[in-house]
Amino acid sequence: MPLSYVTKFIRRKFVLITIFSCSLIYCVVSFFYETPFSSNSDIDSVKMRNFDSLIWHSENDDGNSSNKLTTCRNSVQGKSLMVDDRGYVCSRFNVLPSGCCDLNAKIVRYSCDTCKENGCCSIYEYCVSCCLQPNKKELLQGVLQRAPDTFHVVFASVTDHYELCLAKCRTSSLSVQHENSYRDPSAKHCYSDTQQ
């Protein structure tokens, strides 16, 4: 019995007109006061980001000092390989609970296996490892300075050399041609901006 009263009340014209009017007003107000997804001021603030404040790997960093690092970040996504933030490439089975590659296992640091002279590699983990070489700092700084404005937005959250290499080695629009095929399908992960 109470259910029939509720349905009669909802069917009344007054209630329906009120609901419709409120919905219409809400739509009109939200349409006119909609804020854009990103404005030019947001992009300009990202352009002003000082990439000199990035934390870079140095020649003196040997990666073996246990008192400096207790945990490591790693690339996580690899099916069989991982690269940690010290530049070591190892098998997924050789990753310690700390996230670091086990130095007692057969691992390689700053490996450029599968990489070509132009800075493009066929395996993502080797791209990141090669990019982490301390002697790549000038190359990467040049890449950041020449990066189009759209890439400044991508690199805005990058705080150190490792994060920059992770972001740079991911497949980007620079490694494709005609928007649907790789320039070089055998080497699609690039830390350099010269794609030849």
| task | Show the residue pairs that are 6+ apart or on different chains and have beta-carbon atoms under 8 Å apart, the first residue being within segment 116-132 and surrounded by 24 or more Cβ atoms within 10 Å (Cβ to Cβ), the second being in a helix (DSSP H, G or I) and of a type in the set (S, T, N, Q). | result | Cys120/Ser175
| said: Among the residues of segment 82-106, what is the count of those that are in contact with a helix residue (DSSP H, G or I) (Cβ under 8 Å, 6 or more places away or on another chain), surrounded by 19 or more Cβ atoms within 10 Å (Cβ to Cβ) and not small (Gly, Ala, Ser)? | reply: 6
| remark: Residue count, segment 144-164, condition more than 18 Å from Gln77 (Cβ to Cβ), modelled with pLDDT of 70 or more and surrounded by fewer than 17 Cβ atoms within 10 Å (Cβ to Cβ), comes to 5
| Which of the following residues is hydrophobic (A, V, I, L, M, F, W, C), out of contact with any His (no Cβ under 7 Å at 6 or more places or on another chain) and at pLDDT 85 or above: Cys120, Cys127, Cys100? | Cys100
| request: Tell me which residues, restricted to segment 165-185, are out of contact with any Lys or Arg (no Cβ under 9 Å at 6 or more places or on another chain), modelled with pLDDT under 80 and either outside any helix (DSSP H, G or I) or surrounded by 15 or more Cβ atoms within 10 Å (Cβ to Cβ) (or both). | output: Ser172, His178, Glu179, Asn180, Ser181, Arg183, Pro185
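The values are calculated or read from the model by the stated rules, or taken from the named source; none is laboratory data. Model, not experiment: these values are computed from the prediction. Methodologically, a virtual Cβ is constructed for each residue, glycine included, from the backbone with ideal geometry; neighbour enumeration extends over all protein chains shown.
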